[in-house]
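The values are calculated or read from the model by the stated rules, or taken from the named source; none is laboratory data. Keep in mind that what you see is a predicted model, and the values were worked out from it rather than measured. Note that each Cβ is placed from the backbone with ideal geometry, even for glycine, and that neighbours are counted across all protein chains shown.
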Amino acid sequence: MTDKPALSLDFKGLLCPMPVVKIAMAMKQVKVGQTVEAVATDPGVMADIPAWARTSGNELVELEKREKDIRFVVKRAK
Amino acid sequence: MNMLMFSQFLALAGLLAGVYGIYRRYAETKRRALPADKSPLKGNPQHGVTYAFTLGMMPWAKESTRLHMIAYLRGIGFHIGIFTAIGALIVSPFWGFLPAVLNLSLTVVLGIGSLLGAAGGVMRLTEHNLRGLSIPDDHFAVWLVTVWMAVSALAVWNEAFLVAFYILSAITLAYMPLGKIRHCLYFFFSRTFFGKFFGRRAVFPHPETAK
Amino acid sequence: MTETIELALKTLEAQLNQPLETALEACARCGLCAEACHYYRAEPKVEHIPAYRSEQLRNVYRYEHDFLSRVFPAWTGAKKLDEVTLANLSEMAYSQCTLCRRCTVNCPLGVDTPLMMRAIRAMATATGNAPEILVMLADAAIEKGKDPSFYKDMFLEQIREMEEQLRDITGDPNASIPVEKQGTKILYVPLAGAHTILPPAVVFNAAKEDWTLSIFEAANYGVFLADVNRAKAVAKRIVDEANRLGVKEIVIAECGHAYASYRWDVPNWFAGQFDFKVRSLIEVLAEYIRDGKIKVDPTAIPEGVTYHDSCNLARNGGLIEEPRYVLNKITTDFREMTPNKAEAICCGGGGGLVALAEYTERRLAAGKPKADQIKKTGARVVVAACENCRLQIGDLNEHYNLNVRITALTDLVVRAMRLPKPLPGTEAEHLFEGEGALVEK
């Protein structure tokens, strides 16, 4: 488990590329070292969020597919 | 050498400078890369080019010209006047041999052209959007060509205006490649690229609308 | 001259081919293009006239290239490029032009204003002035291509789940979603998300098509950045995949810019290595219906339906009659917007705008002409065959209280196929619900 996230976001119903757009915006609202948690329903996030985290220099801490949605946690690394 | 001959030499020099200047622009642009389009055709680029220079120029072909039909027709009339003035200049040594009806026609076309030019010049000064878009070159070019056409009309009608006509011809033609008037060259490039682009994609002429 | 300015000008020079120079030279500033632009229609001011926008780049070009402008800059408005001008140009090109080319078709000279806006976008991208999110999205796509292993297992797991759903809704126990199958006729390239995989899978299975699914998505943010290197890197994933699998054609999901780039640009970028036919899913749907490969109920959609022409599909792509053919086979009350087809008004979501949250207000304002058009049709359903258009019209729906449903063409076709069970999502009254609300903790 990670520390309590600084922000929790609901991306349910959002389609590509909005989850990436919104998580990128959210990362600017937290400090380096803090995390953002989000829940999405678009399966595209399973590939897009890890790829975005790799290229944007943020750390994907968790990515789990749950019964009805996908939850992920990203830590601001820089 | 009398004043008339001097002005005729000036006009000839202006014509040569203008043609050379436009040729230089043409050569410079042609030297630039022209990427070959290898995407598979849907329509026909050649048909697109034909459309771009014919039906695509009709006042009903575009929403913009349907909305501003009068402004567009004014522009067409103005440009007909300009090409007539160039033609009139080239045949000016033979004006005396032309049938009276042809001389009268020239005067009328050039006169109307200059009136339409003046209307355009006034619109550029008074209409909000046009004023906002215009640069000094635009105002100068439209009035220069308008006055040139007006004097052309007078010169066809009365020899007293010949010297003024030749001097103005020299200035207009020499200025042609320097300022906005050189769009006369780029019109051909632009409509050609337009036709190739939309023709290849079967957008213009559109098979459904072209039937 | 700073390094940034030098780089910006170098980028402009590198792009200065015959079509761009023509666009920079041809304009007579007649102003006839004004109403062609949805920004101007929404807010009529000089700054929103396409010719005015292009003039901002022309001023820079003239300073560098025009004799008269060098001698007497005030005469032509010529301006030396500086950091502030570059920032203003960049903002304009990314936030006030969707590259829809409506101004071009309305220009008596055919001036290609979007070509100039692309040139500015390229200058902005090269100098770090482009919107960060577009760069991120393009780079993330390239990253996926470098090493698909980091998500491929998860992707395949999702596809297996979708396959179960597919069998359930079609009642066909053999229905499948083949992924990267060797030697098929069609490589179908979806967008990220099940909504562009499941409905086409229904159609392909019903048509007994020899197809396979790409593990990549068709969207290409490098195109919006006017960055040919990035755009090529994104496209290369699919070109390589298609070559590796030995497919005959690539079918692109309902996506405007993806179709326009794969159909019209990619064959040029990869000349010699690209022997694939490229079609939009819309063309495939039309073919299946025409050839009787899928059966559709012509009375399936009794509601008033209108169709939004994506600029990239119609005006820039040539897909004009195909979607109408399909709609006329499955609807009983199809209503055209006016104007339409090559003259269609842009919805305001193109050019990457829907991904740029900082310009949301401008985007919604510029979408008003489209919202008005939709309202006038009185239709309850708006079909848009482009993801960005659907996102934008979804936002317009909410912003202007249009009270319409927005749907993809394939979803309606699937509905007309009268499956034993409805496709998830398409029967719902809302297809774009759920804003990502920020909740502070």
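Hey, does region B:164-177 have a residue that's under 30 Å from B:Pro45 (Cβ atoms) and over 16 Å from the mean Cα position of the chain (by Cα)?
The answer is no, given that none of the residues of region B:164-177 is under 30 Å from B:Pro45 (Cβ atoms) and over 16 Å from the mean Cα position of the chain (by Cα).
Looking only at residues that are among the acidic types (Asp, Glu) and at the interface with chain B (Cβ under 9 Å from one of its Cβ atoms) in region C:38-70, which one is nearest to C:Ala26 (Cα to Cα)?
Result: C:Glu55.
Which of the following residues is more than 13 Å from every other protein chain (Cβ to nearest Cβ) and either in contact (Cβ under 8 Å) with a residue 24 or more places away in the chain or surrounded by fewer than 19 Cβ atoms within 10 Å (Cβ to Cβ) (or both): C:Ala138, C:Ala130?
One residue alone meets the criteria, C:Ala130.
Among the residues that make up region A:29-43, is at least one of them surrounded by fewer than 20 Cβ atoms within 10 Å (Cβ to Cβ), in a loop (DSSP other than H, G, I, E, B), among the basic types (Lys, Arg) and more than 7 Å from chain C (Cβ to nearest Cβ)?
The answer is yes, given that some residue of region A:29-43 is surrounded by fewer than 20 Cβ atoms within 10 Å (Cβ to Cβ), in a loop (DSSP other than H, G, I, E, B), among the basic types (Lys, Arg) and more than 7 Å from chain C (Cβ to nearest Cβ).
Checking C:Glu322 against (1) in contact with a helix residue (DSSP H, G or I) (Cβ under 7 Å, 6 or more places away or on another chain); (2) charged (D, E, K, R); (3) part of a loop (DSSP other than H, G, I, E, B), which single condition isn't satisfied?
In the conditions (1) in contact with a helix residue (DSSP H, G or I) (Cβ under 7 Å, 6 or more places away or on another chain); (2) charged (D, E, K, R); (3) part of a loop (DSSP other than H, G, I, E, B), C:Glu322 misses (3) alone.
Return the residue satisfying two criteria in turn: it lies in region C:329-347 and is away from every other protein chain (no Cβ under 13 Å) and part of a helix (DSSP H, G or I), and of such residues it is surrounded by the most Cβ atoms within 10 Å (Cβ to Cβ).
Here the residue is C:Ile330.
Conditions tested, residue by residue: (1) hydrophobic (A, V, I, L, M, F, W, C); (2) closer than 30 Å to B:Ala202 by Cβ; (3) outside any helix (DSSP H, G or I).
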{"site": "C:Gly317", "(1), (2), (3)": "no, yes, yes"}
{"site": "C:Gly349", "(1), (2), (3)": "no, yes, yes"}
{"site": "C:Tyr359", "(1), (2), (3)": "no, no, no"}
{"site": "C:Asn388", "(1), (2), (3)": "no, yes, no"}
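For region C:277-297, which positions are farther than 11 Å from C:Ala385 by Cβ and without any contact (Cβ under 8 Å) to a residue 60 or more places away in the chain?
C:Lys277, C:Val278, C:Arg279, C:Ala286, C:Glu287, C:Arg290, C:Asp291, C:Gly292
Keeping to region C:281-315, report how many residues are modelled with pLDDT of 95 or more and in a strand (DSSP E or B).
4
Limited to region C:71-126, what total is found for residues that are charged (D, E, K, R) and within 13 Å of chain B (Cβ to nearest Cβ)?
4
Check every one of the helices (runs of 4 or more DSSP H) wholly within region B:46-154 and list those with 2 or more residues that are crowded, with 18+ Cβ neighbours inside 10 Å and in contact with a Gly (Cβ under 9 Å, 6 or more places away or on another chain).
By residue number, B:69-90, B:100-126, B:128-133.
What number of residues within region C:240-280 are touching a Ser or Thr at 6+ places or on another chain (Cβ under 7 Å), among the charged types (D, E, K, R) and not in a loop (DSSP other than H, G, I, E, B)?
Within region C:240-280, residues that are touching a Ser or Thr at 6+ places or on another chain (Cβ under 7 Å), among the charged types (D, E, K, R) and not in a loop (DSSP other than H, G, I, E, B) number 2.
Residue-by-condition table, conditions (1) under 16 Å from A:Asp48 (Cα atoms); (2) touching a Leu at 6+ places or on another chain (Cβ under 8 Å); (3) among the β-branched types (Val, Ile, Thr):
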residue: C:Ala140; (1), (2), (3): yes, no, no
residue: C:Asp147; (1), (2), (3): yes, no, no
residue: C:Glu161; (1), (2), (3): no, no, no
residue: C:Thr170; (1), (2), (3): no, yes, yes
residue: C:Pro173; (1), (2), (3): no, no, no
residue: C:Ile186; (1), (2), (3): no, no, yes
residue: C:Pro190; (1), (2), (3): yes, yes, no
residue: C:His195; (1), (2), (3): yes, yes, no
residue: C:Leu198; (1), (2), (3): no, yes, no
